[in-house]
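All remarks here apply to the structure that follows.
FYI, it's all coordinate maths here, none of it is from the lab. Please read these numbers as outputs of a predicted model, since none were measured by experiment. Every residue, glycine among them, receives a Cβ derived from its backbone with ideal geometry; neighbour counts consider all protein chains shown.
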Amino acid sequence: MVPVPSVFIMIFKSLCRHAGIGANSYVLKTRSAQVVLDAGMHPKHEGSEAIPHYEFLEPGSTDSIIITHSHLDHVGTLPVFLQGQPQAKVFLSPETKELATAMLHNSVNVMQAKRIEHGIAEYPLFEHRELDDLE
């Protein structure tokens, strides 16, 4: 994570792996909290290239994550984020939660098929059981 200078207001950093639309994720750090905004999956990349730079976050360092809406490029890797930040509280609207849960279950099915059809060994990036806490 980015070192915190002795005098500062906040640090806002992009975790996006690629420029443009896709894999949207940002971190806001203050002295007292670290919050991530969105956990998107890039629609034009596969495997680890499709996820944000979560490796920039120290394990267990994030207090919460805010999901703005249920488009894949904003919520598609929420379970991957939670693998490294299981203590993070997830904030999302009831409507976003309902649609995101269905989309993420479908993503598991798609990744399982891509693993077989295209030989992408790291797929699926998460399993159905990891979505239980969202339901």
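Could you tell me what percent of the DSSP beta bridges with both partners in the chain are antiparallel, to the nearest 5?
55
Name the lysines eligible as straight-distance cross-link partners of Lys44: C-alpha to C-alpha under 20 Å, and not fewer than 8 places from it in the same chain.
Lys44 reaches Lys114.
List the extent of the Cα atoms of the stretch 76-135 along each of their three principal axes, largest first, rounded to whole Å.
Principal extents (Cα only, largest first): 35, 23, 15 Å.
If you take the charge dipole of the stretch 81-135 about its Cα centre, with +1 on Lys and Arg Cβ and -1 on Asp and Glu Cβ, which of Asn109, Phe81, Leu99 is farthest toward its positive end?
Value computed over the given set: Phe81.
7 Å from Cα along Cα→Cβ at both Glu55 and Arg129: what's the point-to-point distance in nm?
Here the modelled spin labels are 2.7 nm apart.
Charges only on Cβ, +1 for Lys and Arg, -1 for Asp and Glu: so what's the dipole of the chain about the Cα centre, in debye to the nearest 20?
The calculated dipole for the chain is roughly 420 debye.
So what does log10 I(q)/I(0) come out to for the chain at q = 0.19 Å⁻¹, using the Debye formula with one equal point on every Cα and no solvent?
One equal scatterer on each Cα of the chain leads to -1.07.
If one takes the longest principal axis of the Cα atoms in the chain, at what angle in degrees, from 0 to 90 and to the nearest 10, does the Cα axis of helix 94-118 lie?
In the chain, helix 94-118 runs at an angle near 60 degrees to the longest axis.
Per-residue ellipticity at 222 nm for the chain, helices alone: DSSP H runs ≥ 4 residues times -39500 (n - 2.57), over residue total, nearest 500 deg cm²/dmol?
Here the helix-only value at 222 nm equals -8500 deg cm²/dmol.
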